[in-house]
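Have a look at the structure below before the remarks.
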Amino acid sequence: MSDHAHLIRYLKKQHVLSLCCSADDELWCANCFYVFDEARMAFWIMTEPDTRHGLLLTKNARVAGTVNGQPKTVLLIKGVQYRGRIALLSEEAEAQARQTYQKRFPVSRNVSAPLWEIRLDEAKMTDNALGFGKKIIWQRSDVE
């Protein structure tokens, strides 16, 4: 399996990310359920724009965060650090993301919160199961 395929497989298997955002002189982090869209190399999350992190996201689209499990031993540590840009989805993109999100998280069918897309610019995966400190790095080629 290629490094890229290994990264994709891991991100599709997990379902919670940490989302770190900032604006002006304020910082905040939140945990969000996500669906990973391999074709776009993007996370889809559902959150209200009037939450503390939502308010920051509307001011500054640059975000960073992590995806990780909770292994009991250092030799099994796997996780991803990422950075990217977030935007509210609308129209057809929002409908597609909502359908996929609701399939993965059926309880979300009762929630009207908007969906956002975190378009990854960079992801770095550490997977000690492949060798202590093994890193897999992915970068978008058209980063601004």
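Tell me, what is the per residue accessible area of the stretch 1-52 in Å², probe radius 1.4 Å?
On the way: 2920 Å² over 52 residues.
Counting only protein heavy atoms, the per-residue value for the stretch 1-52 is 56 Å².
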*When all alpha-carbon pairs of the chain are counted, what percent fall beyond 22 Å?*
40 percent
*Grab the Cα-Cα distance for PHE105 and ASP24, subtract it from 0.36 nm times how many residues apart they are, and report the gain in nm with one decimal.*
25.8 nm
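Ignoring everything except DSSP H segments at least 4 long, calculate the 222 nm mean residue ellipticity for the chain; use -39,500 (n - 2.57) per segment, divide by total residues, nearest 500.
Values: 3 runs with 33 residues, N = 144.
Calculated mean residue ellipticity at 222 nm is -7000 deg cm²/dmol.
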*From the square roots a ≥ b ≥ c of the eigenvalues of the alpha-carbon gyration tensor of the stretch 23-82, which class results: rounded (a/c under 1.5), prolate (a/b over b/c), or oblate?*
prolate
*Answer rounded, prolate or oblate for the stretch 87-144, using the Cα gyration tensor with square roots of eigenvalues a ≥ b ≥ c: rounded when a/c is under 1.5, else prolate when a/b is larger than b/c, else oblate.*
oblate
*asked:* Net charge around SER112, counting only other residues with Cβ within less than 14 Å of its Cβ (Lys, Arg = +1; Asp, Glu = -1)?
replied: -1
*What residue among ASN110, ASN31, ASN68 has the largest mean-square fluctuation in a Gaussian network model of the chain, using Cα springs under 10 Å?*
ASN110
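Which net charge results for the neighbourhood of LEU56, defined as the other residues with beta-carbon distances under 13 angstrom from its beta-carbon, given Lys and Arg at +1 and Asp and Glu at -1? List each step's numbers first, then the result.
Numbers: positive: ARG52, LYS59, ARG62; negative: ASP24, ASP25, GLU26, GLU48, ASP50.
After counting each charged neighbour, the total is -2.
When ranked by the protection proxy of mean other Cβ atoms within 10 Å per residue, highest first, what sequence do the peptides 42-53, 114-125, 84-95, 69-80 form?
Numbers: 42-53: 18.0, 114-125: 20.4, 84-95: 14.8, 69-80: 12.2.
Averaged packing, sorted descending, gives the order 114-125, 42-53, 84-95, 69-80.
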_Around SER22: net Lys/Arg minus Asp/Glu count, Cβ-Cβ under 14 Å_ = +2
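Considering only protein heavy atoms and a probe of 1.4 Å, how much of the accessible area of the chain is carbon and sulfur, as a whole percent?
Working: 4340 of 8550 Å².
C and S atoms contribute 51 percent here.
The values are calculated or read from the model by the stated rules, or taken from the named source; none is laboratory data. The structure displayed is predicted, hence computed values, not measured ones. Cβ atoms come from the backbone with ideal geometry, glycine included; neighbour counts cover every protein chain shown. Calculation scope for accessible area: heavy atoms of the full protein, side chains included, ligands and nucleic acids excluded. Shrake-Rupley method; radii C 1.70, N 1.55, O 1.52, S 1.80 Å.
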